[in-house]
Amino acid sequence: MRRQAVILQPDQLHYVLENSPDPFSPASSEKKAALNHFEPRNVLISQGRERTVRRALQEQVLDTHSPVHRLASSFLPVIDQETAQLLEDIERTGRAVGNTLAWEDFISAWYRIVRRTVFGDHARDDEELTHMITELRRDGNWSFLKPPHRRLRARFLQRVRDSMDTAGPGSLAHTLRNLPEHKDAAPVEQIPQWLFAFDPAGMAAFRTLALLSTHPEQQARAVAEIREDTTGGQQLPYLRACVLESLRLWSTTPMILRQSTREVHWPDGTMPGNCGVLIYTPYFHRDEDNLPHAHAFRPERWLADAEDTDWPMVPFSEGPVICPGRQLVLMMTSAMLASLLENRTFTLASSQHLSPKALLPGTLDHFSLRFTIHDQDQGAPHT
Ligand code: HEM
């Protein structure tokens, strides 16, 4: 039976993440079992030489080391268009019952943005692709307990391959297609992770909207940033910090998993090879003894001039295996929030209690969040 370690100290957390993928491999048995359902050769569950090649490819396409993705001038207008369309649709259909933004509308618009970003404009309405990944991911959640649905997986990967072959310029898949070929790269199987991982990015953006709509001080600072922006939405540091803060409060990847590739010597003992290692991020992110205002919305803590703390805040992980999509996610979610908040304010209309005066809850159900939309200058419901 496999042994399991749980990380409880910051220095242990940093040690494990900095020493990944060897001796702490992200390709843990549970991840392999889950992802085998839809992306068996993805970087996440690759090892050795194959991992090196696939990681390099991911970093190149996702522009991991640049805060502004090289395709920003293609992506940001898409975000503006789809957000404008979302608001227009709500305003057109909502006259009788008031203008309400619900998760279903938000996520449909977000998926349209994601498909256009990943494959180009022609994939905008390819909802079937999104449904396929949802179904395969549902199977993936059964991990070892359910055999992979091989026919659906093959059909899905063929569909991804076709979409990559026809991907329009200015999309991630087009960039991927034009990289020099490498026999170990498995490019088609790097794409499902993008489609899948944009999901939590949508959740984070929607939860950030809930935080901003209930925290007037932070909302005012965000709106000021949007009004003063001269970068066309490329650089919105405060809004990015708001998204990071929402991810600290409600991690979308609360469990970072590793498996030791060999024996590892720690000051107080030896960890065997093949030992599972769990980092449960909320344990650190909500530690009120070590993190000031752990249960409050304080985006400032993510800004360079903020009070310094080396306490782990790792919603995207850290070290050599850090999420390669981190900057792209922050650019896209902050741009969508900017488009929403540019001329409107949002009032939380559902029952969640979020307030600067109360401790924020440990979880936030994004499915049931609902907002009333107002014209910014009038402060009255938008009709
Ligand atoms: C809110 C949104 C997201 C969050 C919080 C997030 C967080 C994470 C975390 C915690 C990991 C695991 C890192 C580790 O094991 O140390 C990861 C891996 C990864 N993420 Fe993200 N992610 C997000 C969105 C995205 C998006 C949109 C993409 C691509 C477009 C992406 C691409 C990847 C890839 C390829 C990996 C595997 C990296 C590797 O194994 O080397 N992520 N992400």
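Each reported figure results from applying straightforward, stated rules to the coordinates on display, with no laboratory input. None of these values were measured; they are calculated from a predicted model. Backbone-built Cβ (ideal geometry, glycine too); neighbour counts: all protein chains shown.
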* Distant alpha-carbon pairs in segment 166-252 (separation over 20 angstrom), percent -> 54
* When the chain is modelled as a GNM with alpha-carbon springs shorter than 10 Å, which of ARG258, ARG124, ARG221 fluctuates the most? -> ARG221
* Just round it to a whole percent: the fraction of Cα-Cα distances in segment 1-154 exceeding 25 Å. => 53
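Over the chain, what number does the Rg to Rh ratio reach, with both radii from the alpha-carbon atoms and Rh per Kirkwood? Show your work: numbers first, answer last.
Numbers: Rg = 21.2 Å, Rh = 21.9 Å.
Checking Rg against Rh, the ratio lands at 0.96.
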* Asked: Can you put ARG240, ARG227, ARG137 in order, fewest other beta carbons within 10 Å first?
  -> ARG227, ARG137, ARG240
* What order do you get for SER171, SER339 when you list them from fewest to most C-beta neighbours inside 10 Å? -> SER339, SER171
* Radius, Kirkwood style, for segment 243-299 when every pair of distinct Cα atoms is counted (Å) -> 13.3
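Which shape class applies to segment 278-369: rounded if a/c is under 1.5, otherwise prolate when a/b exceeds b/c and oblate if not, where a ≥ b ≥ c are the square roots of the Cα gyration tensor eigenvalues?
In terms of gyration-tensor shape, oblate.
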* Answer rounded, prolate or oblate for segment 47-110, using the Cα gyration tensor with square roots of eigenvalues a ≥ b ≥ c: rounded when a/c is under 1.5, else prolate when a/b is larger than b/c, else oblate. => prolate
* **Residues in segment 150-177 reached by a label modelled at GLU128 [backbone nitrogen below 19 Å; 7 Å Cα→Cβ]** => 150-168
* Normalised by the residues of the chain, what does the relative contact order come to in percent, with Cα pairs under 8 Å and at least six apart? -> 28
* Springs between alpha-carbon atoms under 10 Å, Gaussian network over the chain: tell me which of ASP310, ASP126, ASP22 tops the mean-square fluctuations. => ASP310
* Asked: In a shell of Cβ-Cβ distance under 13 Å around ALA186, excluding ALA186 itself, what net charge do Lys and Arg (+1) and Asp and Glu (-1) give?
  -> +2
* To do: Compute the distance in nm between two label points, each set 7 Å from the Cα along the Cα-to-Cβ direction, one at THR253 and one at HIS295.
  => 2.8
* Asked: So what are segment 211-358's ellipsoid semi-axes, whole angstrom, largest first, if each one is the square root of 5 times an eigenvalue of the alpha-carbon gyration tensor?
  -> 34, 18, 14
* Once the Cβ-Cβ distance between ALA84 and ASP22 is put in as r, and R0 is 56 Å, what FRET efficiency do you end up with, to the nearest 0.05? -> 0.75
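Once fully extended, how much extra length lies between ASP375 and MET1, figured as 0.36 nm per residue of separation less the alpha-carbon to alpha-carbon distance? All intermediate terms of the calculation are to be shown ahead of the outcome.
Values: separation 374, 0.36 × 374 = 134.64 nm, distance 5.97 nm.
Result for the pair: 128.7 nm of gain on full extension.
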* Neighbour net charge for LEU239 - beta-carbon separation under 14 angstrom, K R +1, D E -1 -> -2
* Would you compute, from DSSP H runs of 4+ residues alone, the mean residue ellipticity of the chain at 222 nm, taking -39500 (n - 2.57) per run and dividing by the full residue count, rounded to the nearest 500? => -15000 deg cm²/dmol
* Please identify, among SER334, SER351, SER28, the residue showing maximal mean-square fluctuation in a Gaussian network model of the chain using a 10 angstrom Cα cutoff. => SER351
